[in-house]
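Participant: Take a look at this one; I'll ask things after.
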2 protein chains.
Amino acid sequence: MDENAFGIWEGEVKVDLPAAFDASVYFIGRIRTPWKERKDCPKNARESDAICTLELDPRWADALKDVETCSHLVVLYWMDRSRRDIVLQMPRHYGVQRGTFALRSPARPNPIAMSVVRLLGIDGANLKVAGLDCLDGTPLLDIKPYFASTDAVPDATVGWHAERKR
Amino acid sequence: MDENAFGIWEGEVKVDLPAAFDASVYFIGRIRTPWKERKDCPKNARESDAICTLELDPRWADALKDVETCSHLVVLYWMDRSRRDIVLQMPRHYGVQRGTFALRSPARPNPIAMSVVRLLGIDGANLKVAGLDCLDGTPLLDIKPYFASTDAVPDATVGWHAERKR
């Protein structure tokens, strides 16, 4: 497959982006990981034991009170190198056209990633965590407590992904 | 407890916001729910059987391909009525000061909420889901497939919350 004149891959479809943005975000810190290029990032973050660091801007440090009591956290971050206009994608490792909202690809209208991480420790405004797969330097957007009661659905299924493995 | 001259509650602490934003988002649709005021919203979304609708802007409709194969989705949305400068909060139903990042409160530097919902059906660019607790008209930011392999941690704990219940 070749990238075409529009900078997208064969089988991919893009739309015109809206004329204006609707709201804005602050980068509240950076994520430090061992991975400097996308090809180095682990394919499945849960399988990676790599320890990463959420480096929170000291401005927000007081907001970490009680976070140390959480075993797991929801981390939101900004995948700042991605196209935002692709609605149908051809993930290269699958080779089948999929809708953007059926994928966790960084290419999406709002390139906000969500990862569930295990909290290993907090030192000042730095949090050591396991379970990330993003590039070193990725901008951090939010940290939330993970509540199993609302966030854990062990029997959830993704049909297209299950079929792929048969 | 009274709201003070700064518009925050006793026991709450705010910081100066950064001078500039770092990135911007598009509202890709709206969430239709039965709740018109915050006091009407359910306290625990998982306990609510209310059917809500994700009304996606038709611009993005093609990106829904394959989403119908997902039993559950991650929904990101923008809690557009919240203060963004509060680092220590006094949730009124707990009465104890907590750090913003230890809470799922809408008041946070980037008011992006994450909910796990059950997908009931798709009709064009409208998705019927269960598991939301937000106000009617809330702006939609993203829809992702929920992968139990990386997103479900049934034994995760939030220490401050468990202690509260003892």
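Participant: Too long at a 21 Å Cα-Cα cut-off: which of B:LYS14/B:LYS43; A:LYS36/B:LYS144; A:LYS65/B:LYS14; B:LYS36/B:LYS128?
Facilitator: Values: B:LYS14/B:LYS43 25 Å; A:LYS36/B:LYS144 25 Å; A:LYS65/B:LYS14 14 Å; B:LYS36/B:LYS128 18 Å.
Going by Cα-Cα distance, B:LYS14/B:LYS43; A:LYS36/B:LYS144 fall outside the 21 Å limit.
Participant: Got the A:ARG92 label distances to the other copies yet, label 7 Å along Cα→Cβ, in nm, shortest first?
Facilitator: Ordered by distance, the counterparts are at 5.4 nm.
Participant: Hey, another quick one. When the helices in chain A are scored as -39500 (n - 2.57) per DSSP H run of 4 or longer and the sum is shared across all residues, what 222 nm value do you end up with, to the nearest 500 deg cm²/dmol? Write out the running numbers ahead of the final one.
Facilitator: Working: 2 runs with 11 residues, N = 166.
Rounded to the nearest 500, it is -1500 deg cm²/dmol.
Participant: Can you pull the accessible area of B:ARG118 for me, 1.4 Å probe, Å² to the nearest 10?
Facilitator: 110 Å²
Participant: Still on this model: If you plug each phi of segment B:131-138 into the Karplus form 6.51 cos²θ - 1.76 cosθ + 1.60 with θ = phi - 60°, what whole-Hz ³J(HN,Hα) values come out, in order, with x for Gly and Pro?
Facilitator: Those phi angles translate into x, 9, 9, 8, 5, 4, x, 4 Hz.
Participant: Once you place label points 7 Å from the Cα toward the Cβ at B:TRP9 and B:ASP80, how far apart are they in nm?
Facilitator: Distance between the two pseudo-spin positions: 2.5 nm.
Participant: For peptide A:108-120, what's the mean number of Cβ atoms from other chains within 10 Å of each residue's Cβ? Before the final figure, lay out the partial values.
Facilitator: Numbers: counts 7, 13, 12, 3, 9, 3, 9, 2, 6, 1, 2, 1, 0.
Per residue, the average neighbour count from other chains is 5.
Participant: Are there any trypsin sites (Lys or Arg not before Pro) in segment A:17-109 that are in a DSSP loop and have at most 11 other Cβ atoms within 10 Å? List them by number.
Facilitator: Details: sites: A:ARG30, A:ARG32, A:LYS36, A:ARG38, A:LYS39, A:LYS43, A:ARG46, A:ARG59, A:LYS65, A:ARG81, A:ARG83, A:ARG84, A:ARG92, A:ARG98, A:ARG104; in loops: A:LYS36, A:LYS43, A:LYS65, A:ARG81, A:ARG83, A:ARG84, A:ARG92, A:ARG104.
Answer by residue number: A:LYS36, A:LYS43, A:ARG81, A:ARG92.
Participant: Can you tell me the length gained on complete extension of the stretch A:ASP57 to A:ASP40, counting 0.36 nm per residue apart and subtracting the Cα distance? Let's see the in-between values first.
Facilitator: Numbers: separation 17, 0.36 × 17 = 6.12 nm, distance 2.64 nm.
Result for the pair: 3.5 nm of gain on full extension.
Participant: Ignoring ligands, DNA and RNA, what percent of the 1.4 Å accessible area of chain B is carbon and sulfur? Kindly include the intermediate steps, with their values, before the conclusion.
Facilitator: Values: 3580 of 7580 Å².
Carbon plus sulfur share of accessible area: 47 percent.
The values are calculated or read from the model by the stated rules, or taken from the named source; none is laboratory data. Quick caveat, the model's predicted, so the values are computed rather than measured. Please note: Cβ atoms are built from the backbone with ideal geometry, for glycine as well, and neighbour counts cover all protein chains shown. Ligands, DNA and RNA are stripped out before the accessible areas are found, and what is left, the full protein with its side chains, is counted by its heavy atoms. Shrake-Rupley method; radii C 1.70, N 1.55, O 1.52, S 1.80 Å.
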